[in-house]
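Every number in this text was worked out from the coordinates using simple rules, so none of it is lab data. Keep in mind it's a predicted model, so treat the numbers as computed, not measured. Cβ placement follows ideal geometry from the backbone for every residue including glycine, while neighbour counts extend to all protein chains displayed.
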Amino acid sequence: MRNVYLATLFVCVVLVSILGFRGTTFTSPPLDPFPDWAFPGMETQPKFRPQSASSFFADGRADRTPPAHTVARGMLRDDDHLHQGKLAAGAFATTMPTKLEVNLNFIERGRDRYQIYCAPCHGLVGDGNGITKRYGMGATVSFHDARLRAMPDGEIFSTITAGKNTMLPYADKITPEDRWAVVAYVRALQRAQQGTVADVTDAVGRKVLGLP
């Protein structure tokens, strides 16, 4: 048993002498017990880390300013209706973009985004009675006001994008497609508050309500 203890101690000393203690700073490259023999250099290829220094450039920075008019892949905003809520003439669009299919899944997506980003202030039914009102954070407009009911879809989209008054912009949090889904859900909330018995046209619904 004594030999086992000595062997274990020896192994620990060897490991510490080779690998060092936790948090130790080394000046030499670390040992690679499993080198990539097939593609040497792939794991240790030279690169600059974000916001690191570089002696190659005159300003000493590794980060470089992108060339003018550079657009990240998938971020080209060439459809004014889809990305700005406006038509070619500059007026706010009154309809959904033709590239989007408004169906139940689309509205459900809008409900999901609405409850995350909009409901805290505007309320679950869009009446402006969100949780923030209870803490005195100011009055929030109701989507059921006549002014907002008559507001073009594109203007609601633009408000979500750029914000308005005390409302902050959500362009960096909600994608353009999801913003339109929120608009569709807001329209569904407005329609739900204005519904009448005459709107029930299917036979099952009328039977449930006891209508002929």
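Please find the FRET efficiency linking Arg149 to Asp79, where r is the Cβ-Cβ separation and R0 is fixed at 25 Å, and quote it to the nearest 0.05.
Using R0 = 25 Å, I get an efficiency of 0.45.
Working out 0.36 nm times the residue gap between Ile116 and Thr175, then minus their Cα-Cα distance, what length gain in nm do you get to one decimal?
19.9 nm
For Val125, Val16, which order do you get if you count the other beta carbons within 10 Å of each Cβ and list the fewest first?
Lowest count first: Val16, Val125.
Given H placed on each backbone N at 1.01 Å, which residues far from Arg61 in sequence or on other chains put an amide H within less than 5 Å of it?
Counting only residues 5 or more places away or on other chains, the set is Ser54.
Between Thr95 and Arg191, 0.36 nm times their residue separation minus their Cα-Cα distance comes to what?
Extending this stretch completely gives an extra 33.0 nm.
Which ³J(HN,Hα) values, rounded to whole Hz and listed in residue order, are derived for the range 5-17 from phi using the Karplus coefficients 6.51, -1.76 and 1.60 in 6.51 cos²θ - 1.76 cosθ + 1.60 with θ = phi - 60°, glycine and proline given as x?
Once θ is set to phi - 60°, the couplings for the range 5-17 become 4, 5, 5, 5, 4, 5, 4, 5, 5, 5, 4, 5, 5 Hz.
Hey, can you grab everything whose amide H is under 5 Å from the amide H of Ala93? Only 5+ residues off in sequence or another chain; H modelled, so Pro and N-termini drop out.
Here the answer is Lys86, Leu87, Gly154, Glu155, since their amide H atoms fall under 5 Å of that of Ala93.
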